[in-house]
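K.L.:
Quick one: this structure, given as structure tokens, is what I'll be asking you about.
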Amino acid sequence: MPIRMRPLFPSLLALALVALAGPAAAQRAPLACADFYGHANAAWLAQNPLPAGATSFSRWDQLNALGVQQRDQVLAATTAPAGATVSVRLADLFASAGDEAAIEAQGIRPIQPLLAIVDKIRRTRDVAPAIAALHAAGMPVIVDLQVLRDASGNPYAQVGPGGMGLPDPGFYGNSDPLVQPVETRYQAAVAEWLKLTGSSPAKAAAEAAAVLQMERQLAKATLPGVSFTVMPIGEAEKLAGRLGLKDLLAAHGLKATQVAMTGPEFFAALNPLLEKTKPEQWKVYLRAHIARDMAPTLGKAFNEPWGQLYDVTLRGQDAPTPRALRARWVLEARVPELIDAAYTQRFLPVPRQERAKAIAAAVRASALARVDQAAWLSDAGKASARARLEAMVVQLGTEVPDNVFDDLRFERDNLAGNVIALRRWLMKYALVRARFAWPAEQWQPLVVYLPKENRLLVTAATLQPPVIDDGGSAGDFGGLGALVAQQMSLALAFEGADKAAWDKRIAPLVPQYAAYSATGGATRVNATGSLVQNAADLAGLEIAWAALNAQGKPDAASAKAFFTGWASLWPRQDVATALAAAQANAVHAPAKWRVNGPLANLPAFGEAFGCKGRVAMQRPAKEQVALWR
């Protein structure tokens, strides 16, 4: 039976329940056959009263809270376990963000290679290559270039407006007395950064004003709400003009036949700047943006104007955000897979992940066997279902190849250099990152099927008790196995006569669930709204049970562990009035019936717990709903 999370000091009520039940509670059939949900989850329900002010609290809420707690451990660490290579890199990065003395000692050395690229500009035609070179070096200027995924999971390049130091075009040239001072403060900060990177104090103010004027032109052409348009590379190159789109893509290691581009207004404004603005002015502009962009990673003279402008003035904070916290925020927003990999190394042991993969493989094989044996399904329907299942990508925990992080190295005394190195890594592996993108982070519990990509995903945070543990129990098939099988069942979309046959098989679930009270009172379960999920729960249990039996007939203890593994996923406390009101639009049955409803249709459950006669947990044989057995 899976290991369960328990509070350190159980409540007196929980202790009383354990004392009354005795060590053989799992063997007592009457309780299990009357209400298996309440029987299997008695201790959890007693130990976890509804939190004050909450309308519900579940085992999944606990798992979510645990994931956040574990993530915070990863993000707070400046040391890492031996052998946890990604965690070591993450710890080095956070250590560098907290070493103010080292940051001051570095001065502007980390950005000198970037400034050297700018210094090489001699003629107007040198500007676009310099922009591409800065992108390649980890400094994206003028335009924002990202690699994203389309609805089918295919990566594509997107090029959009950049080149402005204020967060919204509306800040530029705005006469509103509440907004106008922002531009003034920004110009003053730019002047300081220019002085720190080589401008004379006498010229810095005028140079900052010229930078601001260039940004105003770009801001004026950056219209809100303009969508991106996918176009052939030739057409995109014409739109980008003197920017040199192919060279820019090459700087990111990309080749493309199509590119998603923003509207033409921005590039129409950028092209005259590239054609007519003097090289010396471009050098000042690019130097200002390098300094502005890297200011949070440099010494106090750079960082203080940045913090006062962006944190205090624009965000309304009382004080600038500490560097270490800002580094954490940036990583969470820009490099979630680095955190995901470190989280997985710390909290998902390899043997457990391998067992999860073995269970998923067994479940897939079981699902394929059920399809082959389905007399109600046509040959074409079987072929379609088999193709879907065989092609399905099943990912359990992050599977970004470890060597992706091999050339990512951080120095504990060089924050700015680390940030530049991280940006270069982000560009190098943009396609890999897009290919392995997830709809959630690994510290967030999630089991989901993505139909357009035919991908079934289980995050690392899910792969811990109560879903799966390290004991190798049959309960893992009832927990993880049934969840995976449930999602595989949802992936099978039937058509024509096969859909009609499927609908006929699941139809009896409606009167079954409609007979259940949602809260113990008059309100009934929304059996129609929850039909799809109720069918998936039953199908998942049938397929996972068959997968367990394919390993060899389970003994009595293993059979009980399987069904207890399922029940242990769903304990939940609810405010009765809120649960009753939710039934109007519910797509899931209440927790009690997610357990008792499908199990009452399984003869194997009755056999495991010795349920005889007319008991709630064993429906009459002629009324039992069978989907895949």
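The values are calculated or read from the model by the stated rules, or taken from the named source; none is laboratory data. Only a predicted model underlies this, so the values are computations on that prediction, with no experimental measurement involved. Note: ideal-geometry Cβ built from the backbone for every residue, glycine included; neighbour counts use all protein chains shown. To get the accessible areas, we keep the full protein, side chains included, count just its heavy atoms, and leave off ligands, DNA and RNA. Shrake-Rupley method; radii C 1.70, N 1.55, O 1.52, S 1.80 Å.
K.L.:
Can you name every residue in the stretch 501-528 that is in a helix (DSSP H, G or I), among the aliphatic types (A, V, I, L, M) and open to solvent by 30 Å² or more (accessible area, probe 1.4 Å)?
P.N.:
Correct list: Val510, Ala514.
K.L.:
Quick check on the stretch 70-85. Is at least one of its residues more than 30 Å from Thr577 (Cβ to Cβ) and at pLDDT 95 or above?
P.N.:
yes
K.L.:
Moving on to the next point. If I filter the stretch 601-629 down to residues being free of Cβ contacts under 8 Å to residues at least 60 places away in the same chain and under 39 Å from the mean Cα position of the chain (by Cα), which single residue comes out as farthest from Ala556 (Cα to Cα)?
P.N.:
Restricting to residues being free of Cβ contacts under 8 Å to residues at least 60 places away in the same chain and under 39 Å from the mean Cα position of the chain (by Cα), the top hit is Gln624.
K.L.:
From the residues in the stretch 557-577 that are among the small types (Gly, Ala, Ser) and over 29 Å from the mean Cα position of the chain (by Cα), which one is farthest from Pro466 (Cα to Cα)?
P.N.:
Ala576
K.L.:
Yes or no: the stretch 408-427 includes at least one residue that is among the charged types (D, E, K, R), open to solvent by 20 Å² or more (accessible area, probe 1.4 Å) and not in a loop (DSSP other than H, G, I, E, B).
P.N.:
yes
K.L.:
Further question: Inside the stretch 46-61, can you point out the residues that are open to solvent by 40 Å² or more (accessible area, probe 1.4 Å) and touching a Phe, Trp or Tyr at 6+ places or on another chain (Cβ under 9 Å)?
P.N.:
Pro49, Leu50, Pro51, Trp60
K.L.:
Would you confirm, using the coordinates I've provided, whether Asp498 is outside any loop (DSSP other than H, G, I, E, B), closer than 30 Å to Ala576 by Cβ, open to solvent by less than 50 Å² (accessible area, probe 1.4 Å) and in contact (Cβ under 8 Å) with a residue 12 or more places away in the chain?
P.N.:
No, not satisfied.
K.L.:
Do the conditions hold for Ala385, that is, is it at pLDDT 95 or above and buried (at least 19 other Cβ atoms within 10 Å of the Cβ)?
P.N.:
yes
K.L.:
Right, Ala437: farther than 18 Å from Trp628 by Cβ and part of a loop (DSSP other than H, G, I, E, B) or not?
P.N.:
Spelling it out, Ala437 is indeed farther than 18 Å from Trp628 by Cβ and part of a loop (DSSP other than H, G, I, E, B).
K.L.:
If you don't mind, there's one more thing I want to ask. Based on what the data block shows, is Ala14 small (Gly, Ala, Ser), modelled with pLDDT under 75 and part of a helix (DSSP H, G or I)?
P.N.:
So Ala14 passes the test.
K.L.:
Just a yes or no: is a residue in the stretch 475-489 hydroxyl-bearing (Ser, Thr, Tyr), modelled with pLDDT of 95 or more, open to solvent by less than 50 Å² (accessible area, probe 1.4 Å) and over 30 Å from Arg334 (Cβ atoms)?
P.N.:
yes
K.L.:
Among the candidates Thr229, Thr197, Thr184, single out the residue that is under 30 Å from Ile108 (Cβ atoms), surrounded by fewer than 15 Cβ atoms within 10 Å (Cβ to Cβ) and among the polar types (S, T, N, Q).
P.N.:
It is Thr184.
K.L.:
Is it fair to say Pro177 is farther than 21 Å from Leu115 by Cα, touching a residue at least 12 places away in the same chain (Cβ under 8 Å) and in a loop (DSSP other than H, G, I, E, B)?
P.N.:
no
K.L.:
Name the pairs: first residue in the stretch 236-251 and open to solvent by 20 Å² or more (accessible area, probe 1.4 Å), second residue part of a helix (DSSP H, G or I) and of a type in the set (Lys, Arg), Cβ to Cβ under 9 Å, at least 6 apart or on different chains?
P.N.:
Taking only residues 6 or more apart or on different chains, the pairs are Glu237/Lys246; Arg242/Arg125.
K.L.:
Yes or no: the stretch 131-145 includes at least one residue that is under 36 Å from the mean Cα position of the chain (by Cα) and without any contact (Cβ under 8 Å) to a residue 60 or more places away in the chain.
P.N.:
yes
K.L.:
Considering only residues that are of a type in the set (Gly, Ala, Ser) and assigned to a helix (DSSP H, G or I), look in the stretch 258-295 and name the one that is most open to solvent (accessible area, probe 1.4 Å).
P.N.:
Ala268
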